[in-house]
Structures are given as structure tokens and as C-alpha cells.
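Asker: Following this message is one structure expressed as C-alpha cells.
What follows draws every value from the coordinates through simple rules; no lab data is involved. Every value quoted in this text rests on a predicted model; they were computed, and no experiment measured them. Cβ: placed from backbone, ideal geometry, glycine included. Neighbour counts: every protein chain shown.
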Amino acid sequence: MTEGSAGRARALREDGLLDVLRLVQRQPGRTRAELARTLALSSGSATEIVTRLKTRQLAAEVDPEATGTPGRPSPRLVAHEHGPLIAIVEITYGGWRVAAAELGLKVLEEITGKHRSREPVVVVRELRTALELLERNWGARLRVVSISVPGIIVDKRVAQAPMLGWNDVDMTAAVPATLAARQLLVANDVTLAGLAEARCGAAAHATVALYLDIRVGLGGVIVDHGRPTLGATGGSGEFGHMPFGDPASRCPCGARGCWGFELDGRALARTLGRRAPANPTRFAATVLATASAGAGAERDAVDRAAVLLGRGVGGLVNALDPDLVVLGGDAGGFLAAAEKPLRGAYRNGLMKHRRAHPPEIVRAVLGTDSTLLGAAEVGFDELLTPDGLTSWDQSR
Ligand SMILES: [Zn+2]
């Protein structure tokens with residue numbers, strides 16, 4: 001065998017191993033025979049790959065719980081107990097969490113904190129301390145640090161996070177020096193939530209999914225064949241700052257007439273003549289629940305916002321041509337509490353040729369963990385590559 005063909009054979013062997021690992025990531029707990037069938041591998045190849053996965057401490061086979069049926073049940077392929085992990089950081093409006101996740105997206109440890117102050121220097125210091133603690137517990141098994149921020153990300157910096165009041169914050173400062181050599185990823189929270197819904201949630205069977213999410217403001221992402229559309233600088237998906245709202249109102253982002261500024265808990269409070277809520281998502285949940293229970297000012301405020309939401313979704317479907325729309329956070333709440341006005345406004349906003357078979361609008365299914373799962377997903381995308389596995393082998 002020549003050196004070139006030996007290299008090609010090695011690359012092919014590594015490709016087969018990566019295919020199996022990606023399947024364990026997506027569907028942990030399958031038998032060797034099931035994996036072989038799904039990936040069209042011979043049983044000899046499957047056995048050889050599983051042996052290599054065990055030797056490299058990437059995956060392990062465990063005996064399933066006794067099922068009561070006769071015969072010995074086949075062992076299941078899962079994450080290795082000493083295998084690689086992703087360190088996840090999720091910053092929200094109210095606080096943060098830092099977690100370690102293994103293959104198959106199981107969270108092994110989680111540290112949480114509430115913002116005492118939203119000053120970037122304070123938050124960054126708290127995150128660094130939490131990551132130091134995580135590293136003390138898991139060491140070199142942490143291969144990628146994946147950070148989620150409710151803001152616009154350019155490279156490893158938060159260019160603007162209007163809801164946190166952040167401008168140009170360097171997220172590398174949140175990573176302790178001992179972890180700095182690992183791969184660092186920084187992404188927008190809603191982009192990650194939409195990615196998780198597209199990979200393993202409500203849009204798992206869509207080709208091009210439009211995900212929209214109302215938390216504090218509105219964000220979204222187009223996930224095209226499992227990949228998020230990020231734009232030239234990574235800042236795509238700020239659908240909440242399209243001028244579908246009232247041109248007289250000024251959004252914290254600096255623009256006027258922003259759509260998202262009229263849809264979240266702060267907007268509902270303004271419509272109802274209440275004080276600005278300390279926790280807009282909790283306030284919106286209360287208003288949505290009251291509206292669902294009956295008539296009154298809350299009902300009117302929710303219906304009004306649902307119409308505004310539905311009309312905007314129609315416009316985005318005209319422009320972007322998705323085959324499914326998924327609504328997460330309070331956007332999903334509007335679909336549950338005011339389905340008729342939302343769907344009516346959506347249909348009215350669609351161009352004629354789309355009305356016979358409009359893309360379906362559904363609620364997100366992954367709940368408050370969607371961003372965390374998305375951050376783990378992009379972390380494993382980075383790790384489950386030839387370079388990622390080489391770095392894992394060298395770390396042991
Ligand atoms: Zn805005």
C-alpha cells in the first residue's frame with residue numbers, strides 16, 4: 001500500500017467512526033445491530049468501530065435494564081464514563097448557568113447564578129469563577145467551551161446586547177487561563193434554541209425551518225438543512241428589529257418601530273398601563289394565563305399582540321420561504337392563548353400563491369432547555385471532527 005492510499009484508508013476509517021459517534025450523540029442507547037442497520041455497515045465493521053470507540057474512551061456499551069423477556073438483551077452504545085464533555089455557558093436576562101454535557105446531550109453538572117448586577121465585568125467574573133469550578137471537577141475532559149448570549153455576536157465578542165445593556169464585550173475574558181487553549185464558541189441564544197428545535201425538536205423533519213422566539217424582545221433563526229443561517233458577520237436573525245411596529249416607539253436597540261419591542265412582556269405592560277416588569281417573561285406568562293381564562297383587558301392586549309405577531313410571520317414566510325414555522329418562548333404562548341387571531345393575521349399576510357398550502361406554524365417542544373441543548377450541539381459539531389478527535393486523543 002502506498003503512503004497516499006494508506007492515508008486515504010485511515011481517513012475513511014475515521015469517517016466511519018465519526019458517523020457512529022454522531023448517531024450516538026443524536027440517539028444514545030442503541031444496539032450495535034441498530035447502528036449497523038442505520039448506517040449500512042457490515043456487522044464486522046460495526047464491531048471494529050465500537051472496539052475503537054471504547055479504546056479511545058469515546059463511547060461504551062452498557063447492559064440495559066432487565067426487560068423480563070427471555071434471552072440476554074443486547075448492550076446499548078452510550079457516552080463513555082471518562083469521555084469528552086462540552087462546557088456550556090448560558091447567559092439570560094435574569095442570570096446564568098454553567099454546565100458540563102456528555103455525548104447524547106446529558107447534563108452531568110450545572111451551576112446557576114442570578115445577576116447581582118448586569119455590568120459585563122461582574123457577569124464575566126462570575127462566569128470565570130464557575131468555569132474554574134467546572135474544570136476542577138472535570139479537567140481535560142472539557143474539550144469545547146460553548147457560550148450563549150442574548151445579543152448580537154461578532155466573532156467572540158458581543159457586539160450589542162440591548163436587553164443586558166452590553167456593547168462590545170469580549171467573551172474570551174470569561175474563560176479561565178487553564179481552559180483558554182480549548183475551542184471557544186460564542187453564539188446568540190435564540191439561534192442556538194432554533195438549532196436545537198431543528199436538530200431534535202419540533203422542526204426535526206423540516207427542510208428549512210423559521211424559528212421565532214419571544215423572551216425579552218424577539219429573535220429568530222432560519223435553519224436550512226440543519227445549519228443556521230448566520231449572515232456575513234454572524235449577526236443574522238434579529239427579526240425583532242424589523243420595522244413591523246409603531247414608528248413612534250423607540251426600541252432599546254436604537255431603532256424606531258421595532259416589531260419585537262411591541263410583543264414581549266414589557267410591551268404587554270405598556271398596553272395594560274402597568275409599570276415596566278422586572279421580569280418581562282414571567283409577567284408575559286401571567287398575562288397570557290389570564291387572557292386564556294377569559295375576557296378583559298389582558299384578553300384584548302394578547303389578541304392585539306397576536307395579530308401583530310401573525311402578520312409579521314406572514315411577511316417573513318413570503319420573504320424566506322420556510323416549510324415550517326416554530327414559535328418558542330412567549331411566541332409559543334401567543335399561539336396557545338390567541339390561536340385564532342394569530343393564524344388569521346398570518347393567512348392575511350401571505351401572498352396569494354402561498355395560501356393553498358401555507359407552511360404550518362407549531363409550538364417549540366424543548367422548553368427552557370432549548371438554548372442549552374443548542375449550545376451543546378454546536379460544541380459536539382466542533383468536537384466530532386477529525387481535528388476534534390485528534391485533540392481528544394492527545395489530551396489523554
Ligand atoms: Zn430594535
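Asker: Once each part is reduced to its C-alpha centroid, what is the distance from the stretch 48-122 to the stretch 173-190 in angstrom?
Answerer: 18 Å
Asker: Another question, if that's okay. Calculated FRET efficiency, VAL62 and SER249, Cβ-Cβ r, R0 51 Å, to nearest 0.05? Don't skip to the answer; put the middle values down first.
Answerer: Numbers: r = 56 Å, r/R0 = 1.10.
Computed FRET efficiency for VAL62 and SER249 comes out at 0.35.
Asker: Same structure again: Hey, can you grab everything whose amide H is under 5 Å from the amide H of LEU324? Only 5+ residues off in sequence or another chain; H modelled, so Pro and N-termini drop out.
Answerer: Under 5 Å from the amide H of LEU324 lie the amide H atoms of VAL208, LEU210, each far enough along the sequence or on another chain.
Asker: Sorted by packing (mean other beta-carbon atoms within 10 Å per residue), highest first, where do 242-248, 338-344, 126-132 land? Present the calculation step by step, with values, prior to reporting the outcome.
Answerer: Values: 242-248: 14.6, 338-344: 17.7, 126-132: 19.4.
Ranking the peptides 242-248, 338-344, 126-132 by packing returns 126-132, 338-344, 242-248.
Asker: OK, next. Which ³J(HN,Hα) values in Hz, rounded to whole numbers, follow from the phi angles of the stretch 288-296 under the Karplus curve 6.51 cos²θ - 1.76 cosθ + 1.60, where θ = phi - 60° and Gly and Pro get x?
Answerer: Calculated HN-Hα couplings, in order: 4, 5, 5, 4, 5, 6, x, 6, x Hz.
Asker: Taking every alpha carbon pair in the stretch 245-396, what does the distance histogram look like in 10 angstrom bins from 0, in percent?
Answerer: Distribution as computed: 10, 31, 30, 16, 9, 4, 0 percent.
Asker: Something else about it: By its C-alpha gyration tensor, with a ≥ b ≥ c as the square roots of the eigenvalues, how is the stretch 207-317 shaped: rounded for a/c under 1.5, else prolate for a/b larger than b/c, else oblate?
Answerer: prolate
Asker: Compute the Rg/Rh shape ratio of the chain: radius of gyration over Kirkwood radius, all on alpha-carbon atoms.
Answerer: Working: Rg = 23.1 Å, Rh = 22.7 Å.
That ratio is 1.02, to two decimals.
Asker: Using modelled amide H (1.01 Å from N, peptide plane; none on Pro or chain starts), what sits under 5 Å from the amide H of LEU185, excluding residues fewer than 5 places away?
Answerer: Those lying under 5 Å, H to H, from LEU185 are VAL145, SER146, ILE147.
Asker: Something else about it: Alpha carbons only, please: Rg and Dmax for the stretch 260-304, in angstrom.
Answerer: Answer for the stretch 260-304, Rg first and Dmax second: 9.4, 25 Å.
Asker: If you average the C-alpha positions of the stretch 270-324 and of the stretch 221-236 separately, how far apart do those two centres end up, in angstrom?
Answerer: Here the two parts' Cα centres lie 25 Å apart.
Asker: For the chain, set up a Gaussian network in which alpha carbons nearer than 10 Å are linked by springs, and say which option among ARG157, ARG37, ARG182 fluctuates the most.
Answerer: Among ARG157, ARG37, ARG182, the largest GNM mean-square fluctuation belongs to ARG37.
Asker: Can you list the residues, at least 5 places off or on another chain, whose amide H is less than 5 Å from the amide H of PHE244, using H built in the peptide plane?
Answerer: It is TRP259, by chain and number.
Asker: Another question, then. Short version: ³J(HN,Hα) in whole Hz for each residue of the stretch 80-93, in order, from phi by Karplus 6.51 cos²θ - 1.76 cosθ + 1.60 (θ = phi - 60°), x for Gly and Pro, what are they?
Answerer: 3J(HN,Hα) across the stretch 80-93, in whole Hz: 6, 5, 10, x, x, 10, 9, 8, 10, 10, 10, 9, 10, 4.
Asker: Moving to a separate point now. Can you tally the lysine pairs in the chain where the Cα-Cα distance is under 26 Å and the two residues are eight or more apart, or on different chains?
Answerer: Pairs that pass both the separation and distance tests number 5.
Asker: Between THR51 and GLU14, what is the label-to-label distance in nm when each label sits 7 Å out along the Cα-to-Cβ direction?
Answerer: Distance between the two pseudo-spin positions: 2.1 nm.
Asker: Once the mean 1/r over all distinct Cα pairs of the stretch 1-107 is inverted, what Kirkwood radius in angstroms do you read off?
Answerer: About 15.7 Å for the stretch 1-107.
Asker: With viscosity set to 0.692 mPa s at 37 °C, what whole-number translational diffusion coefficient in µm²/s follows for the stretch 286-357 from Stokes-Einstein and a Kirkwood radius over Cα pairs?
Answerer: D, rounded to a whole number, is 263 µm²/s.
Asker: Let me ask something else. Diagonalise the Cα gyration tensor of the stretch 149-246 and give the resulting equivalent ellipsoid semi-axes, square root of 5 times each eigenvalue, largest first, whole Å.
Answerer: Here the semi-axes work out to 24, 19, 11 Å.
Asker: Go through the stretch 159-176 residue by residue and turn each phi into a ³J(HN,Hα) via Karplus (6.51, -1.76, 1.60, θ = phi - 60°); whole Hz please, and just put x for glycine and proline.
Answerer: 5, 7, 10, x, 6, 8, x, 9, 9, 6, 10, 7, 7, 5, 5, 7, 9, x
Asker: While we're looking at this one, here's another question. Could you check which residue among VAL121, VAL186, VAL365 shows the biggest mean-square fluctuation in a GNM of the chain with a 10 Å Cα cutoff?
Answerer: Answer for the Gaussian network model of the chain: VAL121.
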